[in-house]
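Trainee: My questions will all concern the structure given below.
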Amino acid sequence: LVAVFMFSLIIGGATNMLLAGIAGQRSSLAMQELLDQSSSVAEYMTRSLRQAKKDLGPVCLSVRGMNYELTQGGIMFINVGGQCQEFRLTEARIEEVFWTGGEITSQVFLTSDNPAVTSLHFLLKGEGQDDDLQSRVTFAFEIEGQGAKPESRPKLQFQTTISQRTVDVPN
């Protein structure tokens, strides 16, 4: 009986260690997925926002001479190719939208539905012509992985500030 008891303790301990290792690996893989998705979308958005051009029309933005404009849940600007481009949060995913003449010409989700983006915020500084500041955009988003329990879902918050590549001088 003592040997059976000792054997069951050893097997129980080994099983517990194995299950803890599997849970740790799942958590690590889920966090790696969050890091991969957030890193790639942040790099893409940063590159696009940095290369934005001033709207001298106004072609895209509501005010002439602006570099960026906040929209409902996103940001709009003229990209390096001269197209009206927007980043916004749609259905827990970051979406890229291209506009021509006030109509959507293309929509692409930059993140998958797993993990879910729970928030996306933009802050503008120096977006106009009369402020004597170089245009800067700060964007932040929170992304959450999936898990069986809410407390086991990994979360990641990302924030960065970028400045526009071209010098912002009045035209």
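The values are calculated or read from the model by the stated rules, or taken from the named source; none is laboratory data. Since the structure is predicted, the reported quantities are computational estimates derived from the model, not experimental observations. Quick reminder, even Gly has a Cβ in these numbers, built from the backbone with ideal geometry, and neighbours come from all protein chains shown. Remember, those area values only see protein heavy atoms, side chains included, never the ligands or the DNA or RNA. Shrake-Rupley method; radii C 1.70, N 1.55, O 1.52, S 1.80 Å.
Trainee: Given charges of +1 on the Cβ of Lys and Arg and -1 on the Cβ of Asp and Glu, with all other atoms neutral, how large is the dipole of the range 75-140 about its Cα centre, in debye to the nearest 20?
Mentor: Values: 4 positive and 10 negative charges, 37 e Å.
Computed charge dipole of the range 75-140: roughly 180 debye.
Trainee: Taking 0.36 nm per residue of separation and subtracting the Cα-Cα distance, what length does fully extending Asp131 through Thr15 add? Show your work: numbers first, answer last.
Mentor: On the way: separation 116, 0.36 × 116 = 41.76 nm, distance 6.46 nm.
Computed gain between Asp131 and Thr15 is 35.3 nm.
Trainee: Expressed as an acute angle from 0 to 90° and rounded to the nearest 10, what is the orientation of the C-alpha long axis of helix 2-50 relative to the principal long axis of the chain?
Mentor: The angle comes out at about 10 degrees.
Trainee: Now a separate question. Given a 1.4 Å probe and every protein chain left where it sits, what share in percent of the accessible area of the chain is carbon and sulfur? Working shown, then result.
Mentor: On the way: 5830 of 10340 Å².
That fraction is 56 percent.
Trainee: Ordering Ile22, Ile78 by how much accessible area each has at a 1.4 Å probe, largest first, what is the list? Write down the numbers at each step before the final one.
Mentor: Working: Ile22 65, Ile78 15 Å².
Sorted descending by solvent-accessible area, the residues read Ile22, Ile78.
Trainee: Can you sort Met6, Met17, Met31 by solvent-accessible area, 1.4 Å probe, largest first?
Mentor: Values: Met6 100, Met17 145, Met31 65 Å².
Per-residue accessible area, sorted high to low, gives Met17, Met6, Met31.
Trainee: Next up: Which order do Phe122, Phe158, Phe77 take by accessible area at a 1.4 Å probe, largest first? Could the numbers behind the result be given before it?
Mentor: On the way: Phe122 30, Phe158 60, Phe77 0 Å².
Of Phe122, Phe158, Phe77, the descending order of accessible area is Phe158, Phe122, Phe77.
Trainee: While we're here: List the residues whose amide H sits under 5 Å from the amide H of Ser119, counting only those 5 or more places along or on another chain, with H placed 1.01 Å from N in the peptide plane.
Mentor: Glu142
Trainee: Continuing with this model, one more query. Please report, in debye to the nearest 20, how large the charge dipole of the chain is about its Cα centre when each Lys and Arg carries +1 at its beta carbon and each Asp and Glu carries -1 there.
Mentor: Details: 14 positive and 19 negative charges, 81 e Å.
With Lys and Arg at +1 and Asp and Glu at -1, about 380 debye.
Trainee: If you keep only loop residues by DSSP, which GluC sites (Glu not before Pro) in the range 57-133 have at most 12 other Cβ atoms within 10 Å of their Cβ? Spell out each step's value before the answer.
Mentor: Numbers: sites: Glu69, Glu86, Glu91, Glu95, Glu96, Glu103, Glu127; in loops: Glu91, Glu127.
Of the GluC sites (Glu not before Pro), the ones in loops of the range 57-133 whose Cβ has at most 12 other Cβ atoms within 10 Å are Glu91.
Trainee: Can you tell which of Leu9, Gln37, Gln51 lies farthest toward the positive end of the dipole of the range 1-67, using +1 and -1 charges on the Cβ of basic and acidic side chains (Lys, Arg; Asp, Glu)?
Mentor: Gln51
Trainee: Could you work out the local net charge near Val108, counting Lys and Arg as +1, Asp and Glu as -1, over the other residues with Cβ closer than 9 Å to its Cβ? Kindly include the intermediate steps, with their values, before the conclusion.
Mentor: On the way: positive: none; negative: Glu95, Glu96.
Summing Lys and Arg as +1 and Asp and Glu as -1 gives -2.
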